[in-house]
Amino acid sequence: MDKPLMQISQMVNEIPEALSVYFNQLVYDLRRKQRDIIALSLGESFFEIPMFDFQKLDFNRGYHYSDTKGLPQLRECIADFYRRKYSTRIDSKDILISAGSKAIIFMCMQAVIESGDEVVIHEPAWLSYREQAHLVGAKVSFIPFDIPCADFHQHFNLRSKLLILNNPNNPAGRIYKPEELLDLYHQCRSRGIYLMVDEAYSDFVLDDSFHSMAKLVPDLDGVIVINSLSKNMGMSGWRIGYVIAEQKLLSALLKLNQHLITCAPTILQQYLVEYFDDILSHTLPQVQAVVEKRERIKNRMKEIGLSHLGGSATFYFFVEVGNYSGSIHDLALFLLLEKGISVVPGSAYGATTERFLRVSIGTESEERIDYALQTLYDVINGSTVDDKWIRSELSNLGLSEFSGVTPDGH
């Protein structure tokens with residue numbers, strides 16, 4: 001008797017893999033084949049952080065569960081940082097810590113969305129927002145990148161329950177002005193729509209132009225602020241993220257965190273409590289150096305003739321491909337397989353951003369980035385790449401195709 005087929009849910013089957021992760025996995029695979037790859041696809045910046053002494057920590061305690069909401073001492077460290085750095089009035093009770101901001105964003109959607117509700121996302125947008133919304137049964141509506149904030153309400157309807165912003169923005173580096181944020185808050189709050197602001201790149205700003213939503217709406221009514229240690233502190237591998245919100249929402253998130261995560265890693269929380277300010281003393285100057293590097297590369301891009309969406313923060317550029325007539329997905333694969341340069345196709349970041357490439361400058365030297373940008377300019381102003389060669393090269397190298405459909409049919 002034949003065995004029945006084992007089922008995978010339709011909802012999960014319909015979600016593509018993360019396009020940025022797909023390209024980064026190709027980078028890892030090619031490097032294992034001794035290929036020299038200029039990695040402009042990685043969503044992080046590499047900092048030099050000393051290994052502080054673990055002997056000061058209660059290592060035995062670190063083997064076990066800790067507070068589901070996060071160690072009280074670490075929540076106070078984060079609250080104090082937000083008060084000092086961003087002039088907020090938040091308290092440790094306003095914070096929940098979990099295993100990375102991705103899990104927290106998903107839990108926030110679970111907490112405020114009913115099946116059939118709508119999540120509204122401003123483009124260009126980090127790619128997991130859309131798929132996490134689909135996983136909670138929500139419809140997704142995109143606001144095109146060139147729509148002014150004052151007109152966002154035209155994209156709301158009775159089913160809209162959550163608006164997501166990334167401030168500063170990945171991938172464009174845009175910083176929302178405080179008057180824009182307050183206007184959006186009032187547009188949302190008057191309609192019963194939560195405003196979620198992902199502030200993961202909050203320190204990648206050279207001046208005082210960044211304003212946390214926790215400062216602009218001190219009572220946090222209808223506001224969800226997301227942040228983590230991954231970008232600002234260069235600790236993406238530790239998976240420590242947090243949410244700042246009002247108590248009603250935090251109570252709902254606490255239940256979800258209990259059932260899904262239990263707690264963030266105890267030993268890493270202890271480490272952060274002990275060395276929080278010491279880590280910042282090493283990472284924040286390096287954050288500023290990255291943004292200064294971004295400015296220099298921005299000037300070089302202008303000299304080369306590469307255009308990009310406006311922005312001044314983060315370590316990304318969202319580069320326009322001009323009159324290039326071929327598939328942007330294949331263009332990115334050609335750059336990787338033939339030129340040894342990894343970037344991420346703009347289709348990952350929204351419905352109207354297909355004609356862009358995301359370039360990250362956080363992990364490579366300026367000399368290698370210069371070479372890569374000149375090569376990118378030459379390729380997009382040359383002949384359309386051969387898609388048959390790309391498929392053949394992937395096969396010859398034993399590399400997988402992307403398991404999803406991009407806007408250009410790949």
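The values are calculated or read from the model by the stated rules, or taken from the named source; none is laboratory data. Fair warning: this is a prediction, and the values are worked out from it, not measured in the lab. Methodologically, a virtual Cβ is constructed for each residue, glycine included, from the backbone with ideal geometry; neighbour enumeration extends over all protein chains shown.
Could you tell me whether region 146-156 includes any residue that is outside any helix (DSSP H, G or I), within 22 Å of the chain's Cα centre (by Cα), aliphatic (A, V, I, L, M) and buried (at least 18 other Cβ atoms within 10 Å of the Cβ)? Scanning region 146-156, I find no residue that is outside any helix (DSSP H, G or I), within 22 Å of the chain's Cα centre (by Cα), aliphatic (A, V, I, L, M) and buried (at least 18 other Cβ atoms within 10 Å of the Cβ), so the answer is no.
Table: residues versus (1) without any contact (Cβ under 8 Å) to a residue 40 or more places away in the chain; (2) under 23 Å from the mean Cα position of the chain (by Cα); (3) under 23 Å from Ser251 (Cα atoms).
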{"residue": "Gly70", "(1), (2), (3)": "no, yes, yes"}
{"residue": "Gly116", "(1), (2), (3)": "no, no, no"}
{"residue": "Arg130", "(1), (2), (3)": "yes, yes, no"}
{"residue": "Leu135", "(1), (2), (3)": "no, yes, yes"}
{"residue": "Ile143", "(1), (2), (3)": "yes, yes, no"}
{"residue": "Asn166", "(1), (2), (3)": "no, yes, no"}
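Rundown of residues vs (1) within 21 Å of the chain's Cα centre (by Cα); (2) of a type in the set (A, V, I, L, M, F, W, C); (3) at pLDDT below 95, yes/no style:
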{"residue": "Leu284", "(1), (2), (3)": "yes, yes, yes"}
{"residue": "Ala289", "(1), (2), (3)": "yes, yes, yes"}
{"residue": "Arg294", "(1), (2), (3)": "yes, no, yes"}
{"residue": "Leu309", "(1), (2), (3)": "yes, yes, yes"}
{"residue": "Thr314", "(1), (2), (3)": "yes, no, yes"}
{"residue": "Ala332", "(1), (2), (3)": "yes, yes, no"}
{"residue": "Leu336", "(1), (2), (3)": "no, yes, no"}
{"residue": "Lys339", "(1), (2), (3)": "no, no, no"}
{"residue": "Ser342", "(1), (2), (3)": "yes, no, no"}
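For region 223-270, a tally of residues being without any contact (Cβ under 8 Å) to a residue 40 or more places away in the chain and aromatic (Phe, Trp, Tyr) returns 1.
Do we have any residue at all in region 18-26 that's under 30 Å from Leu249 (Cα atoms), in contact (Cβ under 8 Å) with a residue 40 or more places away in the chain and not assigned by TED's automatic domain parsing to the domain that holds Met213? Yes; the residues of region 18-26 include at least one that is under 30 Å from Leu249 (Cα atoms), in contact (Cβ under 8 Å) with a residue 40 or more places away in the chain and not assigned by TED's automatic domain parsing to the domain that holds Met213.
Residues in region 193-218 that are in a strand (DSSP E or B) and among the β-branched types (Val, Ile, Thr): 1 in all.
Pick out, from region 1-68, the helices (runs of 4 or more DSSP H) lying fully within it that include 1 or more residues that are closer than 27 Å to Ile328 by Cα and touching a strand residue (DSSP E or B) at 6+ places or on another chain (Cβ under 7 Å).
Numbers: elements: 10-13, 19-32, 59-62.
Output list reads 19-32.
Tell me which residues, restricted to region 72-99, are within 21 Å of the chain's Cα centre (by Cα) and under 27 Å from Gly192 (Cα atoms). Passing the criteria: Tyr82, Tyr86, Ile95, Leu96, Ile97, Ser98. Output the residues belonging to region 295-329 that are in contact with a strand residue (DSSP E or B) (Cβ under 8 Å, 6 or more places away or on another chain) and not aliphatic (A, V, I, L, M). Result: Lys298, Ser307, His308, Gly311, Phe315, Tyr316, Phe317, Phe318, Glu320, His329. Scanning region 3-14 for residues that are surrounded by 10 or more Cβ atoms within 10 Å (Cβ to Cβ), at pLDDT below 90, at negative phi and touching a Leu at 6+ places or on another chain (Cβ under 7 Å) turns up at least one hit.
Residue-by-condition table, conditions (1) in the same structural domain as Tyr316 (by TED's automatic domain parsing); (2) buried (at least 16 other Cβ atoms within 10 Å of the Cβ); (3) out of contact with any Asp or Glu (no Cβ under 8 Å at 6 or more places or on another chain):
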| residue | (1), (2), (3) |
| --- | --- |
| Gly340 | yes, yes, no |
| Pro345 | yes, yes, no |
| Thr352 | yes, yes, no |
| Ser365 | yes, no, yes |
| Ala372 | yes, yes, no |
| Val379 | yes, yes, yes |
| Gly382 | yes, no, yes |
| Asp386 | yes, no, yes |
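Exactly one residue out of Ala245, Ala252, Ala214 is within 23 Å of Gly70 (Cβ to Cβ), surrounded by 24 or more Cβ atoms within 10 Å (Cβ to Cβ) and out of contact with any Phe, Trp or Tyr (no Cβ under 8 Å at 6 or more places or on another chain): that is Ala245. Taking the criterion of being of a type in the set (Ser, Thr, Tyr) and in a loop (DSSP other than H, G, I, E, B), the residues of region 157-191 that qualify are Tyr176, Ser190. Of the residues making up region 98-119, those that are among the hydrophobic types (A, V, I, L, M, F, W, C) and either surrounded by fewer than 23 Cβ atoms within 10 Å (Cβ to Cβ) or closer than 16 Å to Ala200 by Cα (or both) are Ala99, Ala103, Ile104, Ile105, Phe106, Cys108, Ala111, Val112, Ile113. Candidates Ile15, Ile49: the one that is under 26 Å from the mean Cα position of the chain (by Cα) and farther than 30 Å from Phe402 by Cβ is Ile49.
Among the criteria (1) closer than 15 Å to Asp203 by Cβ; (2) assigned by TED's automatic domain parsing to the domain that holds Gln374; (3) in contact (Cβ under 8 Å) with a residue 60 or more places away in the chain, the one Glu295 does not fulfil is (1).
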